[in-house]
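As structure tokens, the structure follows; a few thoughts come after it.
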Amino acid sequence: MDRIAITGGAALQGTIPIYGAKNSALKLQAASLLAAQPLMLENMPDLADTRFMAQLLASLGVEITWIKETRTLRMAAGEIGSTIAPYDQVRKMRASFNVLGPLLARVGHATVSLPGGCAIGARPVDLHLKAFEAMGADIVIEQGYVKAAALRGLKGAEIEFPFVSVGATEHAMLAAALAHGDTVLRNVAREPEIVDLAECLNAMGARIEGAGESEIRIKGVTSLSGATHRVVADRIEAGTFAAAVGAAGGDVLLEGARAEHLGAMIAVLQQAGVAVEAEAKGLRVKRDGGRLKAVDFDTAPFPGFPTDLQAQVMAMLCFADGQSRIKETIFENRFMHAPELARLGAQIAVHGNEAVVTGVERLIGAPVMATDLRASVSLVIAGLAAQGETIVNRVYHLDRGL
């Protein structure tokens with residue numbers, strides 16, 4: 001699929017099931033390399049990114065079985081057939097770089113291409129590599145590949161990250177689970193996906209405490225076993241649909257969404273005039289009519305406002321009375337959707353890492369082009385609320401998942 005045609009102006013109604021979090025599922029897939037017995041992931045999102053990761057794991061020797069009727073992925077890494085993750089596979093998706101730590105921990109060596117992914121900033125992997133070096137790994141970067149070795153096994157270490165990094169926290173957890181001795185990770189990410197990974201690893205036999213806090217303590221074990229784990233509901237998917245209701249209006253139940261994972265997003269929605277209520281089956285989001293109100297917010301690590309929802313809420317705030325100020329503190333180059341929203345009639349002024357959105361009476365459909373995953377869905381949200389037809393081009397980004 002290369003483009004989507006959207007005729008806007010209709011309120012959204014119904015129930016939308018919220019499936020497993022892509023950002024958690026990808027790291028859980030990498031965890032399958034740590035054990036010889038099968039890892040079963042339930043509530044698994046079947047997306048381009050998770051399929052890419054499955055293909056990479058298969059190339060490393062993991063037996064992959066998708067059970068689509070129950071949204072379950074079975075991964076059995078009885079033997080590691082290869083410890084090389086080539087550029088052609090890793091370039092497709094940044095998260096595939098996370099096979100490095102598990103291979104290093106279980107086999108003692110790995111060669112993994114430096115990653116690709118969306119063009120939303122540098123997102124270097126040096127924090128990952130420094131963590132592995134602290135655990136005793138020898139690392140060399142040659143011709144775009146990371147060559148890592150710890151032939152006598154990784155060793156527990158005390159690691160303090162200079163800034164909060166979700167990817168580095170998860171990757172260090174994966175490697176430390178099989179390290180000799182104790183590992184302490186400080187100034188770590190606290191996202192629900194961190195907790196989800198820790199719960200899965202513990203079900204496999206790891207000994208991890210403190211996930212969801214600023215310090216994680218890991219007692220290394222000699223081996224891990226298979227397990228069955230249900231992937232946590234995707235808070236970004238839920239927030240995206242909530243922003244769509246905020247923009248277009250309507251009444252939608254987000255089945256499976258968890259309010260405790262969306263506190264900052266819910267606060268912004270409510271300030272803007274969107275009703276959000278927790279129910280037994282999930283979250284109900286409603287906007288019956290009337291203009292939205294302008295809201296100011298900064299993106300921040302969890303429990304702050306997620307950078308992965310910034311573009312979607314910007315699209316919603318194009319319809320708000322007054323001026324909204326958005327400060328992006330996580331990634332550079334993450335306002336690339338603003339010029340495309342302007343093609344629909346939005347008034348957005350970008351100054352460095354800040355954007356000022358002046359609400360307009362209406363947007364008018366037009367051809368627009370997606371630049372990355374979140375930008376894609378922000379344009380879809382704008383199109384749902386715009387008058388006339390909006391054509392969103394380059395929507396292959398959307399296939400990667402919300």
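All of the numbers you see were taken from the coordinates with simple rules; none came from a lab. For clarity, every value in this text was computed on a predicted model and none was experimentally measured. Please note: Cβ atoms are built from the backbone with ideal geometry, for glycine as well, and neighbour counts cover all protein chains shown.
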message: Residues to consider are Thr390, Thr371, Thr329; find the one that is assigned to a loop (DSSP other than H, G, I, E, B) and touching a residue at least 60 places away in the same chain (Cβ under 8 Å).
response: Thr371
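Here's the yes/no breakdown for (1) surrounded by fewer than 18 Cβ atoms within 10 Å (Cβ to Cβ); (2) in a loop (DSSP other than H, G, I, E, B); (3) touching a strand residue (DSSP E or B) at 6+ places or on another chain (Cβ under 7 Å); (4) not aromatic (Phe, Trp, Tyr):
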position: Glu133; (1), (2), (3), (4): yes, no, yes, yes
position: Thr169; (1), (2), (3), (4): no, no, yes, yes
position: Met173; (1), (2), (3), (4): no, no, yes, yes
position: Arg190; (1), (2), (3), (4): no, yes, no, yes
Residue tally, condition within 23 Å of Ser113 (Cα to Cα) and buried (at least 19 other Cβ atoms within 10 Å of the Cβ), over region 147-165: 4
message: Can you tell me how many residues within region 271-295 are surrounded by 14 or more Cβ atoms within 10 Å (Cβ to Cβ) and under 22 Å from Phe319 (Cβ atoms)?
response: 15
query: Where in region 44-106 are there helices (runs of 4 or more DSSP H), lying fully within it, with 2 or more residues that are surrounded by fewer than 24 Cβ atoms within 10 Å (Cβ to Cβ)?
result: 48-59, 87-90
task: Tally the residues that are in contact with a strand residue (DSSP E or B) (Cβ under 7 Å, 6 or more places away or on another chain), surrounded by 15 or more Cβ atoms within 10 Å (Cβ to Cβ) and not hydrophobic (A, V, I, L, M, F, W, C), restricting the search to region 330-353.
output: 4
- request: Within region 15-29, identify whether any single residue is assigned to a helix (DSSP H, G or I), in contact with a strand residue (DSSP E or B) (Cβ under 6 Å, 6 or more places away or on another chain) and closer than 20 Å to Met204 by Cβ, and answer yes or no.
  value: yes
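What residue, of Thr228, Thr183, Thr240, is in a strand (DSSP E or B), of a type outside the set (A, V, I, L, M, F, W, C) and buried (at least 21 other Cβ atoms within 10 Å of the Cβ)?
On the way: Thr228 fails: buried (at least 21 other Cβ atoms within 10 Å of the Cβ); Thr240 fails: in a strand (DSSP E or B).
Just one listed residue meets the conditions, Thr183.
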statement: Selection from region 310-326 of residues buried (at least 21 other Cβ atoms within 10 Å of the Cβ) and either out of contact with any Lys or Arg (no Cβ under 8 Å at 6 or more places or on another chain) or in a loop (DSSP other than H, G, I, E, B) (or both) yields Val313, Met314, Ala315, Met316, Leu317, Cys318, Phe319, Ser324, Ile326
